[in-house]
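J.: The structure under discussion is supplied below as structure tokens; questions concerning it will follow.
The values are calculated or read from the model by the stated rules, or taken from the named source; none is laboratory data. From a predicted model like this one, the values you see are computed outputs, not experimental measurements. We place every Cβ from the backbone using ideal geometry, glycine too, and count neighbours over all the protein chains shown. For the accessible areas, the whole protein counts, side chains as well, though only heavy atoms, and no ligand, DNA or RNA atoms are used. Shrake-Rupley method; radii C 1.70, N 1.55, O 1.52, S 1.80 Å.
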Amino acid sequence: MDFRIFFLALATFATGTAENIVIGILPDVASGLDISISLAGQLTAVFSITFALTAPLALFMATRLERKTMLGLALLVFFASNLLAAASSSYAVLFIARIGMAAASAAACLVATMLATELAGPAMRGRAIGIIFMGISGSMVLGVPAGMLIGGHFGWRAVFVALALLAVAVFLICLRTLPTAGRGQPVASGYRQHLRSLPLVAAQSVSILMIGGHFTLFAYLAPYLTEVVGITTGTVALFFVVFGIAGVCGGYGGGWLADITGPRFAIVATPLAYLVTLLAIPFAAKVPGLFIIAMMAWAMISWMISPVVQSFLITMGPQTAEAGVGLNLSAMHVGVGLGTALGGSALAWLPLQSLPWLGGLLAAAAVTAAFVAVHRSAQTM
């Protein structure tokens, strides 16, 4: 494996940390800007929605800019956006900075994936993409807890300064080590054909709804841990580490399940199992030891859905596989935005204890969409 792929994974690690870091420092951001927890939570929602909308544009730009240059520009925009966030004097400025981070992140993730496949070659293309996405999942294991520790010692603004410095380091490494890669090749779009297929659209809905159900609670996990479960503030970061480790294991588990049982079974079994674990959270919250077990199961199954859905899209729609996987990247971030916005809106009227039940409604809808995808795909086979 070309060692430079790991540098590209470092870029996705930085951008993945930026997406989720507000979750870990949510109370500090809310207090520092004198805003509510629910309003601060929308900073994660706007990141995800912007990412989802920007990803197709980033793919379009990749056909017109040299890829190494585009990655460098994305990292510089990411650097500037994080400095703006660190210096923000109001919620509006931080909101704008999050939009800049998300747009840069979408471009960086797409270009890093394309460059990794070129460096690896056809024989190791899948593993190269896996390493890129390890950077994203690794941001949950290391990035968010590290950000929480930095925020705890130096304040939440220092977290964005640290991300800016990491972006500069990655920029310099990539500038020195990556080859000039040329532009992406324009290809015939399969988007319209993909979106005309009900089974494939239903499968995309599984991602949106299940991830939406996940982030309805996960985006507010820090206050949920302290106020509902009764975890001390000093140990919250440790819970996020445990959560992240379980999530990374789930990413592999989803691919394994799809390979062993087939994607049609896996796309139903995964959201169904997720619904059960999510609804178990309120009962497990009464016993911290039991909550850890339930939380790990919840984290693991939540990360299984992406490889499961993408395996279904590739198997059931091979002629639109590239468009399907690309749309699924946007779909996942739509789910993040949906869940975060829904959870934040609910907190204006309901207590924190209601979030798992609210997320369960979206998870139940995901199960329904999965049954539709499997049933209609059987009719078209």
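J.: Would you tally the residues in region 76-93 being out of contact with any helix residue (DSSP H, G or I) (no Cβ under 8 Å at 6 or more places or on another chain) and buried (at least 18 other Cβ atoms within 10 Å of the Cβ)? Please lay out each step first, then the result.
T.: Our first condition is that a residue be out of contact with any helix residue (DSSP H, G or I) (no Cβ under 8 Å at 6 or more places or on another chain); within region 76-93, this holds for 89, 92.
Then keep just the ones that are buried (at least 18 other Cβ atoms within 10 Å of the Cβ); that gives none.
Total satisfying the criteria: 0.
J.: Please enumerate the residues belonging to region 29-75 that are open to solvent by 60 Å² or more (accessible area, probe 1.4 Å) and in a helix (DSSP H, G or I).
T.: S31, L39, I49, L53, P56, L57, L59, F60, M61, T69, L73
J.: Now for a different question. State which residue is most open to solvent (accessible area, probe 1.4 Å) when the search covers only region 266-297 and only residues that are closer than 17 Å to I245 by Cβ and either of a type in the set (A, V, I, L, M) or touching a His at 6+ places or on another chain (Cβ under 8 Å) (or both).
T.: Going through the qualifying residues, I end up with I293.
J.: Can you go through W256, W303 and tell me which one is without any contact (Cβ under 8 Å) to a residue 24 or more places away in the chain and closer than 23 Å to G135 by Cβ?
T.: Values: W303 fails: without any contact (Cβ under 8 Å) to a residue 24 or more places away in the chain.
Testing whether each residue is without any contact (Cβ under 8 Å) to a residue 24 or more places away in the chain and closer than 23 Å to G135 by Cβ leaves just W256.
J.: If I filter region 333-372 down to residues being surrounded by 24 or more Cβ atoms within 10 Å (Cβ to Cβ) and under 14 Å from the mean Cα position of the chain (by Cα), which single residue comes out as nearest to T277 (Cα to Cα)?
T.: Checking each candidate, the answer is G339.
J.: Which number in (1) farther than 21 Å from T44 by Cα; (2) modelled with pLDDT of 90 or more; (3) of a type outside the set (V, I, T) marks the one condition that W298 misses?
T.: (1)
J.: When the residues of region 1-28 are narrowed to those that are β-branched (V, I, T) and in a helix (DSSP H, G or I), which ends up nearest to G143 (Cα to Cα)?
T.: Applying the filter and picking the extreme gives T17.
J.: Would you mind listing the helices (runs of 4 or more DSSP H) fully within region 81-174 where at least 3 residues are over 27 Å from V236 (Cα atoms) and modelled with pLDDT under 80?
T.: Passing ranges, in order: 91-120, 125-138.
J.: Taking H194, is it at pLDDT below 90, over 23 Å from A369 (Cα atoms) and either open to solvent by 40 Å² or more (accessible area, probe 1.4 Å) or not in a loop (DSSP other than H, G, I, E, B) (or both)?
T.: Considered against the rule, which asks whether it is at pLDDT below 90, over 23 Å from A369 (Cα atoms) and either open to solvent by 40 Å² or more (accessible area, probe 1.4 Å) or not in a loop (DSSP other than H, G, I, E, B) (or both), H194 comes out as no.
J.: Tell me which residues, restricted to region 208-246, are under 12 Å from W303 (Cβ atoms) and buried (at least 22 other Cβ atoms within 10 Å of the Cβ).
T.: M210, I211, H214, F218, F243, G244, A246 - these are the residues of region 208-246 that are under 12 Å from W303 (Cβ atoms) and buried (at least 22 other Cβ atoms within 10 Å of the Cβ).
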